[in-house]
Amino acid sequence: MLAAPLCALAGDDAEYVVINAGRVITVTGEEFAPGRIVIEDGKVTLVGGPKIEYPPSAKVIDARRETVLPGFVHPRTRHGLAGYKRSGVHGDQKAAAEVYLSQIDFSGLIEAGYTAVGFVPDGSGIPGVAAAFRTAGPEEARKLADYAYLFAAINWADKEKDILRGALKKAKEEIEKVEKARKEWDEKQKKKKTETDKEKNEKGEKPKDDEKGGGHASTDAAKPPPPETPGAAAKVEKKEDGEFKPPEIDPKHQPIVDLIQKKKGAIMLVDLERASDFHHLDSVLEPYEEIAYQLYLKTSLAMDYHHIVDELGKRKARVALRPWIHYQPQTTFRFNLIDQLSDAGCEVSVVPMWDTREEYLAVRTRLADLVRAGLSRETAIKALTLHPARMISAGERLGSIEKGTEADLVFMDGDPLAPFSKVTRVMILGHVVWTAEKK
Amino acid sequence: MISQTNKPRLRRNAFACSPRFALPYSVAVAALFAAATFVRPDSVALAVAPSPLPAAEETPPADAKKDPEAPAKDDAKAEEDKKRKKKKKDRYLVLKCGTLHTVTEGDLYGMTVLAKNGKIARIGRHVDWPLGDDVEVAELDASGFHVYPGLVAVSGGNLLGGEPPDDTTDVYGLTMTIGLAAGITTAVSGNTAAKLTFGGVEDMTVKRDLFFTLAYSSDNPEGRYNVRKELEKARQHVRDVQAFHEAKKTDPKAKEPEKPKGQAEQYVKLIRGEIIASSDAGAAQDLLDIAELARRYGFRAVVRGAHEAWIVAPQVSRAGLSAVITPRSTVMRDDRLNRPNGSSIENAAILHQHGVPFAVIPQISSITTWGLAGRDLLHLNMEAAFAVRGGLPEDAAIRAITIDAARILGIDHRVGSIEIGKDADFVVTDGDLLHYMTHSRWTIVNGRVVYDKDKEPLFEHIRKGGDRDAPPPDDYWPKRLGAE
């Protein structure tokens, strides 16, 4: 692997950083031991063995005794956020609005190797839209995404199924409302056009003149410009009198409308409390075609998810859960649910048991337990990096070390799943932002 | 009496396999499986699946020629194909029975029951079913076992979640599993009758708004007065409406009486026989009062409790009441009263003699492990067996937890007996349903096996394979909990 073009580019002002690592875990590709990572302006441009070339201007980081892997991602947290609970449907509320970075202590997350988090809004029902943030780095680059996913914190045990059903129904009504208004408007335009045509014919004018008339505007206006990002309201500005102005969609239901219309990137994270809730969710979503969703499997009420492993696997569901060896309910039979889920075909992410410093640090140990109980090492690492990154809609940017991903990396003094290995350095966008104190 | 209009028309001897009766049924079944191939399994062992043949392809109708002018039609067709792919496969259950207790049509031997999509489609000695990729067939060899219709619990306790059950039930819950182990397939949750559909919420609700709760207790004279007033008003309203319809024939200006709202509407429905009243009444006098009220206003009522019904059975019968009783309930006799009183083990038998339809429910109408052991819904069949101890015929006791219970709930057109067209809910037991040793071997709801004694750790270790002479289980409780 040679990088001849890099030398040619070395003359420009790009900032190059090179990591000479004892071992590089790329997550998506092969492992390199030793390995080298070339970073240009905060983005990985090259990763490979120790002989790949790099521009002479590059800043070289010596990590020959360290293992480098992508930063960990915590996809669903309220870390450091004040309680602001709400119930009902609040699609217009954004977790990003609650986050005041200067007031949140990220040190526990950084120390454990977490470089990104998904902040969820608080409450029950559909409390709002989750946001993705970096745990460190330059102020302007901290926010990864305003829209990570729509959060549905349905308390199934409290019989909140109706909230989700009602929200979807309302969103469907909103869509129908817009469609109906458009139809009416089209008809009106048609009528208007025939009237003007008639008038002109009566006057004896040639119909050629009305090519510039308002009549043709209808065909252009009939296609609404789809909003680029989910969550942004479909705004069609009223430019002329002849242009169609759709009735406003209730902003509380806008993200749900996006889900039903399958906007790019629109996805919902649903909390499940027990296996049964998956069937309830299924029955709610049945009338709608393939709404994108990912699941968080709570384990506080029941741990009977073994019933639905096959079904989740068949759908290649994206699930998050605590790193635990589960008990079958009412028994002492233990089973490795995470292993079963990933074997079945699910994309599993792990979420710390609780949002505390100790648990952030313990996640790797708990994962190591699961590996000892049969989970594959690759899946365990993916469950910390790539999969949760995908959950917070940042799978293209974070979670792996390959060309084009952002250089949010973690340096460790040993294997990530070894019990005594620690995070030594944390890099955000090619800059080391945290270094462990040497004892 | 509870009307039987809902009962499906069933030809007697429908199951008999004489050619005279078999012909129309085989025609009907052939129509049912029109698109699929048939095998005759009677020559091979039932448990062995006959070699699957490809299902016959559907031939498109002659007039469905491709129209080159309509590309839109192709889109529609593609859409239709997509829908068809999404459509669920036809689901069959082949249940080879040892003794088939149909409850309404007597006991049959060596029968095979075929259920299609959760409904009983065919019962006979020789039954055909389709094979192929577009059908889903489950076969269950229960020869040597007894097959009963799934039991009906007229009060469901914690078997289901709440109201509405298909939104609130934990379909993998322990209580539901225990309920199925007890052979219960239909239970009441709140005011809704629903199935114990373990592992899914599909086809759960059977009937909503079962009863109108009529509080007519002697403890509350004012309440009684109000009930009578409301009933009087409702009856007057019904008469006014009738009078209006009469008057309209001659006088077009006749004024229609105002429609009742809220509670009053419920009472009008009651007078019209559109809903059934349900009333808690145990003591003889309370039962007489309800009977009197029901006769005077002509409504249908179910009395719950009714532990002194044996004293006033003739009156209860004449008023057309039905009862929900607990044969093992004990209310001590009060010697200070100069009349018969208290509960009797003969209650069920006496009600049966007087033609009062009744359902049986245990003292605790939920699954519990506290207090009265063996008196919760896990022992619904034992409760019925106690009525037999008091003189009730065995078949009447089984009816009291199947078809009669279903009739009281007004769902006997779907559950409660094994008849063609009814829901495929069965409990397959290793012995007589009313025997204390009997366990459910399999429980089937909507044509799906939802409980298997060998797979659930509840009773798996007790008398494996239904062997009654087997030695006591070779384990002890900590071992079952996983400790070696």
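Values in this text are rule-based calculations from the coordinates and carry no lab data. The structure presented is a predicted model; accordingly, all values stated were derived computationally and were not measured. Every residue, glycine among them, receives a Cβ derived from its backbone with ideal geometry; neighbour counts consider all protein chains shown.
Brief remarks follow.
- Take B:240-252, B:270-282, B:201-213, B:424-436 and order them by the average number of nearby Cβ atoms within 10 Å per residue, most first; the result is B:424-436, B:270-282, B:201-213, B:240-252.
- Cβ-defined net charge surrounding B:Lys119, 11 Å radius [Lys, Arg +1; Asp, Glu -1]: +1
- Size descriptors for the range B:374-441, from the alpha-carbon set: Rg then Dmax equal 12.3, 35 Å.
- Here the range A:9-58 is treated with +1 on each Lys and Arg Cβ and -1 on each Asp and Glu Cβ, and its dipole about the Cα centre works out to around 280 debye.
- Simple spin-label estimate for B:Asp219 and A:Glu187 in nanometres, 7 Å along Cα-Cβ: 6.2 nm
- Counting, for every residue in B:158-169, the Cβ atoms of other protein chains within 10 Å of its Cβ and taking the mean gives 3.
- Other residues with beta-carbon under 14 Å from the beta-carbon of B:Ala142 carry, at +1 per Lys or Arg and -1 per Asp or Glu, a net charge of -2.
- Over the range B:146-222, relative contact order from alpha-carbon pairs under 8 Å, at least 6 apart, %: 28 percent
- For the residues of A:273-279, the average number of beta carbons from a partner chain within 10 Å of their own beta carbon is 5.
- This model, with +1 at the C-beta of Lys and Arg and -1 at the C-beta of Asp and Glu, gives the range A:9-122 a dipole about its Cα centre of some 420 debye.
- Share of pairwise Cα-Cα distances greater than 11 Å in the range B:269-309 is 60 percent (whole percent).
- Farthest towards the positive end of the charge dipole of the range B:126-173, among the residues B:Val127, B:Leu151, B:Val171, is the Cα of B:Leu151, using unit charges on the Cβ of Lys, Arg, Asp and Glu.
- Surrounding net charge for B:Ile275, when Lys and Arg each add one and Asp and Glu each subtract one, Cβ distance under 9 Å: +1
- Pairwise centroid distance, computed over Cα atoms, of the range A:257-311 with the range A:400-428, Å: 32 Å
- Working from label points 7 Å from Cα in the Cα-to-Cβ sense, the A:Phe333 to B:Asp335 distance is 5.7 nm.
- Think of chain A as having a plus end and a minus end, set by charges on the Cβ of Lys, Arg, Asp and Glu; of A:Leu295, A:Gly113, A:Ala82, A:Leu295 sits farthest toward the positive end of this dipole.
- For the range B:81-158, trypsin sites (Lys or Arg not before Pro) meeting the loop criterion (DSSP other than H, G, I, E, B) and having at most 15 other Cβ atoms within 10 Å: B:Lys87, B:Lys88, B:Lys89, B:Arg125.
- Whole-Å distance, taken between Cα centres, linking the range B:366-435 and the range A:360-389: 50 Å
- A simple charge model with +1 on the Cβ of Lys and Arg, -1 on the Cβ of Asp and Glu and nothing else charged puts the dipole of chain A at about 360 debye relative to its Cα centre.
- Annotation: peptides A:159-165, B:320-326, ranked by per-residue average of other Cβ atoms within 10 Å with the highest first, follow the order B:320-326, A:159-165.
- Between the range A:162-188 and the range B:261-279, the Cα center-to-center distance that results, in Å: 38 Å
- Over the range A:57-165, relative contact order from alpha-carbon pairs under 8 Å, at least 6 apart, %: 26 percent
- Listed cross-link partners B:Lys195/B:Lys422; B:Lys87/B:Lys455; A:Lys85/A:Lys264; B:Lys87/B:Lys207; B:Lys87/B:Lys422; B:Lys96/B:Lys116 are compared with a 19 Å cut-off, the Cα-Cα value being larger for B:Lys87/B:Lys455; A:Lys85/A:Lys264; B:Lys87/B:Lys207; B:Lys87/B:Lys422.
- Cα shape, the range A:374-439, gyration tensor, a/c 1.5 rule: oblate
- Estimated Rh, the range B:207-263: Kirkwood, alpha-carbon pairs, angstrom: 13.8 Å
- Ascending count of other beta-carbon atoms within 10 Å, so fewest first, for B:Phe459, A:Phe72, B:Phe386: B:Phe459, B:Phe386, A:Phe72
- Counting Cβ atoms of other protein chains within 10 Å of each residue's Cβ and taking the mean over peptide B:173-182 gives 1.
- GluC sites (Glu not before Pro) within the range A:15-85, DSSP loop, no more than 12 other Cβ atoms inside 10 Å: A:Glu30
- Which of A:Ala63, A:His306, A:Ala97, positive extreme of dipole for chain A (C-beta unit charges): A:His306
- Computed over the range B:219-321, the alpha-carbon pair-distance distribution with 10 angstrom bins reads 15, 39, 27, 13, 5, 1, each value a whole percent.
- For the listed residue pairs A:Lys298/B:Lys453; A:Lys170/A:Lys262; B:Lys229/B:Lys269; A:Lys170/B:Lys88, the alpha carbons are over 18 angstrom apart in A:Lys298/B:Lys453; A:Lys170/B:Lys88.
- The range B:89-160: C-alpha gyration tensor shape, a/c 1.5 cut-off, then a/b vs b/c: oblate
- Cα-based shape type of the range A:306-439, given that a ≥ b ≥ c are square roots of the gyration tensor eigenvalues and the cut on a/c is 1.5: oblate
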